[in-house]
Structures are given as structure tokens and as C-alpha cells.
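Working notes, structure below.
The values are calculated or read from the model by the stated rules, or taken from the named source; none is laboratory data. Everything quoted here is computed from the prediction, not taken from an experiment. Ideal geometry is used to build each Cβ from the backbone, glycine not excepted, and the neighbour counts take in all protein chains shown. Quick note on the areas: whole protein, heavy atoms, side chains included, nothing else; ligands and nucleic acids left out. Shrake-Rupley method; radii C 1.70, N 1.55, O 1.52, S 1.80 Å.
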Amino acid sequence: MVTPLSKKSTTKEIKERFDNDVERFSNLENGQQAIIDAPLMMDLIANAAAKTTPYAKRLLDIGCGAGNYTIKTLRILHGLDCDLVDLSGPMLEKARERISKEKSGKIHLLQGDLRQIDLGTERYDIVLAAAVLHHLRDEADWKRVFIKIYNAIRFNGSFWVSDMVFHELPAIQELMWKQYGEYLKVLGGKNYRREVFSYIDKEDSPRSLTYQIALMEKVGFKKIEVLHKSSCFAAFGGIKTGCSDTILI
């Protein structure tokens, strides 16, 4: 990363960009084209959530965008109550419109920054977080959010992530970043690659897959699985088992 954390996009700036980009996030077949293997990761996470949490009643979708991951999950697990979190009001309204056409239960919208929203304690059977955690900044941010998510999940509930990941070894990061750049160039040419790299550098602060798995273990998840990894993107998750005591943030 070139831009230091202190100079990254503000929450307001990120919200404004997503307010004006709703349709791009409404493609259930292809997902976000800038994400490598987006359709595969959507399918893997929806099926993993269904297989590991078959009796789920309530789902939380963090950074829901236009609702793709929730829709995929509802097509396997019908009738879930869905709480949707996003910075963008237009995104939430689009998600509600699309999800209401599925076999869902109650739909509840929560607009705002995940770090400030009260997720409660042991409310959810499934928590989804797709292309959102990379907006977290420092170590304290990451730890607080993972604890908050862990506390919000019921005993035997599951947490599933699909996101950009960086790498621990600089040489591997350089290799994977070059590979990702070639993927973007094939999609839209050099200008498209430059555009995507520019907003990633300005907006995002991803952590490695190993960092996030270690953090999941630290906050209490005992059973963790990596579903898929390709270049700078990964799908993974875990189950809340054992002690269900609330962890203090």
C-alpha cells in the first residue's frame, strides 16, 4: 500500500462512492467483476452456511451491498429473518427490494458503520461479511469488530467471509498483485486496472488470510475452514462452538 492508514478514505467518502454505484453490486450471476472467482465464492459461502448451520433462523449480512450473498443463502435456507448492514442507504433499499422477492422472513435494515452499530449478543445463526472487512484500519479496529461479530453469533452459529486479502511475504504479495493486475487488464484494459488499483489504494486496508484466521481463533472460533483462495481473494469461515461467554471489547 502507498497510502498510509491515516490518509485512507473516510467513512463518508466510502459511503458516497457506494451510494452512486448500486447497480454494479446487483449482479447475482457474476458478482463484482473486479473480484476473482466472485460467483464461485458466493456459491461456496451460501452452501457452507447452509451445511454447517442448517437450522438457522436469523442471518446478519455485514456490508450487504445489493444483497447478493443473502439472496444466494435464502435460495438454500428458506425463510431466514435477515438483518442487513451497510453504509449506503441506496444499497440497503436495493437489497431490501431484491431480497423481498425471495423466500425470506423479516428484513431489517441497519444503516451505518459496523464499528458503531450494536449487533447485540447471541442474536444470529449466520453472519456473512463479503468485501467489507478490508475497510477496517488498525489492529484495534480488526480486533473489536471480530469480537463484536463473535459475540453476536449464537452457539453453533457460523461466520463466513469473502474478501480481498494481502500476503505476509512481500515477494508473494508482489507476485499475487501482478497476477491480479493481469486479470483486471483482461477484463477492461490498462485504464480499468489503473482505476481499480487507485481506489483500492485509497479506500482499502486488507489483511492476510493467516492474520484473519489467527484473529478468529483468538476471539473464540474453534472450527475454521478455508473454502477457497485465488490470488488476492479468499473465502473462509468458522463455527462458534464451546464456551458461549461474551468477550468484552
Seminar exercise, completed: Taking every DSSP bridge whose two residues both lie in the chain, the antiparallel percent to the nearest 5 is 40
Exercise. Around Gly105, with a cut-off of 15 angstrom between Cβ atoms, what is the net charge of the other residues, counting Lys and Arg +1 and Asp and Glu -1?
Worked result: +3
Seminar exercise, completed: The answer for the net charge of residues other than Ile239 whose Cβ lies under 10 angstrom from its Cβ, with Lys and Arg +1 and Asp and Glu -1, is +2
Seminar exercise, completed: Once Asp118, Asp201, Asp61 are ranked on solvent-accessible area with the largest value leading and a 1.4 Å probe, the list reads Asp118, Asp201, Asp61
Problem set entry | Sequence of His108, His167 when ordered by accessible area, the most exposed leading, probe 1.4 angstrom | His108, His167
Problem set entry | From the C-alpha gyration tensor of the stretch 65-157, square roots of 5λ in Å | 22, 16, 11
Exercise. Based solely on its DSSP helices, what 222 nm [θ] is calculated for the chain when runs of n ≥ 4 H residues each add -39,500 (n - 2.57) and the sum is averaged over all residues, nearest 500 deg cm²/dmol?
Worked result: -13000 deg cm²/dmol
Seminar exercise, completed: Loop-resident GluC sites (Glu not before Pro) in the stretch 13-68 with no more than 11 other Cβ atoms inside 10 Å, DSSP not H/G/I/E/B, are Glu29
For this session: Name the most mobile residue of Gln32, Gln212, Gln116, meaning the one with the largest mean-square fluctuation, in a Gaussian network model of the chain with Cα contacts below 10 Å.
Result: Gln116
Seminar exercise, completed: Rounded to the nearest 10 Å², the accessible area of Ile107 using a 1.4 Å probe with every protein chain kept is 40
For this session: Would you be so kind as to identify all helices of the chain, as entire DSSP H runs, whose Cα atoms reach 24 Å or more along the helix's own axis and whose mean Kyte-Doolittle hydropathy is at least -1.0?
Result: 170-203
Seminar exercise, completed: One finds the C-alpha centres of the stretch 40-86 and the stretch 143-217 to be spaced, in Å, by 20
For this session: Could you state how much accessible area Thr121 has, in square angstrom rounded to the nearest 10, with a 1.4 Å probe and all protein chains kept in place?
Result: 80
